[in-house]
Amino acid sequence: MTKAVWSAAAAAATVLFVASPVLAQSVDTKTLNVSATVSARAKLTLSAASVSFADADPDLTPSIAATPLTVDVKTRTGNAGNVTLTVLADGDLMSGSDPIAISNLTWTTGAGLSAGTMSKTAAVTLGSWTGSGNHNNMSQTYALANSWTYAVGSYAAVVTYTLTAP
Amino acid sequence: MIAATPVAAQTQTTTATISANVGTLATLTLSSANVSFPDADPDAVPQVAALGGPLSITAKARATRLSQVLLTVQANGPLRSGLDTIAVSAITWTSTGAGFVAGTLSSTTDVLVGSWTGSGTRSGTQDLMFQNLWTYASGTYTATLTYTLSAP
Amino acid sequence: MTRAALLCLAVLVVRSSTASAQPLDLQLSVSPRTITFASANPDTSPTVTAAPISVTVRVKGPKTLQWHLSVLADGDLVAGPSTIPISNVTWAATQAPPFQNGTLSRTTAQTLAGGSGALNPGTTSTVTFSLVNSWLYDAGTYTQTLTFTLSSP
């Protein structure tokens, strides 16, 4: 009797497993370079563009005070930068051809500013600071010496304020 | 008497094991390596925006299931211009994109920029702002920020 | 009919049946029996390829014989509660035909090879499996069992 030939046995069923790796934390970093430019700058604010002195009896009012000015100074400068605020008149107080010497104009101040006498030849320091900062709500009150020797008239002069932040 | 006929085998089977190792992975991309804040009048511009607009950030992470993926930032110190410094807390930001948060820069601790759960790709923007003050000494200030993305 | 004649008839019937039987021999081997995908960055490796395996089929039988080799996964790739769809795994096979390319399934056995008639000596195909890579996968070691079935209906 012829025997049928049958298929071979199935292959061995050994199964291999890959060892599980420990899952470590992953990290990625990136750098960002930051720069900030801080330039020197100066900002001056006056509470009024003009001051006026009312007429008065020199015997009763030897010095006429104007309404106080409020002065704000903001500057950015080097750490040791010398910040100055000065005033300079363009000439004497004039009414037509009649002068009143500008040196008759003086001022007093509150904290942060310095009192002084106006000049038409050299800038006079009103305030000085070191470095950057805000100096706000400073007070300056002008006064005009009153005299019987003044000719009658309306006198005017222009005072230039200069704020410097190096 | 008739002998029975053997039946031929119809199938042959074998097995194999398929496995995939999926490791943790983190890839962080910033749209720029440099950010600059221009000079401005502190009265007019109290918060200076960075030139070029917001920074775009893409955080890709493969992490263990349900783990916390974190993106943080820290400065290497204050903003410096020679001997003059400005505290890095002068730099703050707002953000867009799911998972991204606002914050204030620090040079002493990592500050959270974004956080997410598990694997994925997350994109957003960070709008950096510089607090502009009159009290700063003039100069060009610099600092380096390190962003760290971690996928546990 | 006599008893002797009946016996001869019976023997004749048995001998006739034995002479018409066709032997069928199916042989299948897979080596190695592990398929491993290494971890890779999806940005640089959108597809991860495993080291190829050799699949050998040998079929002995009549010319009219039909044979079929299929592969079926027991499920998705699994790592604890995390899964990767097994349909993300494809393969490419040499020796086409009778071997062919395909995509793994956990529901329907997929054809790896097929033909008619004997395949003797056997044919060996180099089968290379590939996994779609993704940032969405949970980290882990995923496994599954594949069953290769060589059959003749």
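The values are calculated or read from the model by the stated rules, or taken from the named source; none is laboratory data. Nothing here was measured: the structure is a model prediction, and the numbers come from that model. No Cβ is skipped: glycine too gets one built from the backbone with ideal geometry, and neighbour counts run over all protein chains shown.
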Those residues of region C:84-108 that are surrounded by fewer than 18 Cβ atoms within 10 Å (Cβ to Cβ), among the hydrophobic types (A, V, I, L, M, F, W, C) and not in a strand (DSSP E or B) come to a total of 1
Of the residues in region C:59-83, those that are out of contact with any helix residue (DSSP H, G or I) (no Cβ under 9 Å at 6 or more places or on another chain), more than 14 Å from C:F148 (Cβ to Cβ) and in a strand (DSSP E or B) number 7
Requiring at least 3 residues that are more than 30 Å from C:A40 (Cα to Cα), the strands (runs of 3 or more DSSP E) wholly within region B:45-152 are B:47-49, B:79-81, B:84-86, B:91-96, B:120-131, B:139-151
The residue that is nearest to B:S81 (Cα to Cα), considering only those in region A:46-55 that are surrounded by 13 or more Cβ atoms within 10 Å (Cβ to Cβ) and within 19 Å of the chain's Cα centre (by Cα), is A:L46
When every residue in region C:74-109 that is aliphatic (A, V, I, L, M) and more than 16 Å from C:T128 (Cα to Cα) is compared, the one nearest to the chain's Cα centre (by Cα) is C:A109
Taking A:T61 as the residue in question, decide whether it is within 11 Å of another protein chain (Cβ to nearest Cβ), surrounded by fewer than 16 Cβ atoms within 10 Å (Cβ to Cβ) and at pLDDT 95 or above.
-> no
Here is a check on your reading of the model: is A:N33 more than 12 Å from the chain's Cα centre (by Cα), closer than 30 Å to B:L105 by Cα and part of a strand (DSSP E or B)?
yes
* Asked: Quick one: would you say C:P121 is assigned to a loop (DSSP other than H, G, I, E, B), over 14 Å from the mean Cα position of the chain (by Cα) and more than 9 Å from chain B (Cβ to nearest Cβ)?
  -> no
All conditions in (1) under 30 Å from B:S81 (Cβ atoms); (2) of a type outside the set (A, V, I, L, M, F, W, C); (3) assigned to a strand (DSSP E or B) are true of A:G78 except (3)
Counting only strands (runs of 3 or more DSSP E) wholly inside region A:86-156, the ones holding at least 3 residues that are within 20 Å of A:D72 (Cα to Cα) are A:105-109, A:124-130, A:133-145
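If you check B:A26, B:A20, B:A75, which single one turns out to be in contact with a strand residue (DSSP E or B) (Cβ under 6 Å, 6 or more places away or on another chain), at the interface with chain C (Cβ under 9 Å from one of its Cβ atoms), under 30 Å from B:S150 (Cβ atoms) and crowded, with 19+ Cβ neighbours inside 10 Å? Show your work before the answer.
On the way: B:A26 fails: at the interface with chain C (Cβ under 9 Å from one of its Cβ atoms); B:A75 fails: at the interface with chain C (Cβ under 9 Å from one of its Cβ atoms).
Among B:A26, B:A20, B:A75, only B:A20 is in contact with a strand residue (DSSP E or B) (Cβ under 6 Å, 6 or more places away or on another chain), at the interface with chain C (Cβ under 9 Å from one of its Cβ atoms), under 30 Å from B:S150 (Cβ atoms) and crowded, with 19+ Cβ neighbours inside 10 Å.
Yes/no matrix, rows are residues, columns are (1) of a type in the set (V, I, T); (2) out of contact with any His (no Cβ under 7 Å at 6 or more places or on another chain); (3) within 19 Å of C:L104 (Cβ to Cβ):
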{"residue": "C:V30", "(1), (2), (3)": "yes, yes, yes"}
{"residue": "C:S39", "(1), (2), (3)": "no, yes, no"}
{"residue": "C:D43", "(1), (2), (3)": "no, yes, no"}
{"residue": "C:T49", "(1), (2), (3)": "yes, yes, yes"}
{"residue": "C:I53", "(1), (2), (3)": "yes, yes, yes"}
{"residue": "C:T56", "(1), (2), (3)": "yes, yes, no"}
{"residue": "C:G61", "(1), (2), (3)": "no, yes, no"}
{"residue": "C:T64", "(1), (2), (3)": "yes, yes, no"}
{"residue": "C:W67", "(1), (2), (3)": "no, yes, no"}
Sole miss for A:G112 among (1) at positive phi; (2) free of Cβ contacts under 8 Å to residues at least 12 places away in the same chain is condition (2)
Contact list, first residue from region C:124-148 and more than 7 Å from chain B (Cβ to nearest Cβ) and under 24 Å from B:R65 (Cβ atoms), second anywhere and at pLDDT below 95 and crowded, with 23+ Cβ neighbours inside 10 Å, beta-carbon distance below 9 Å, six or more apart or interchain, is none
Every listed condition ((1) more than 28 Å from the chain's Cα centre (by Cα); (2) at pLDDT 95 or above) holds for C:T2 save (2)
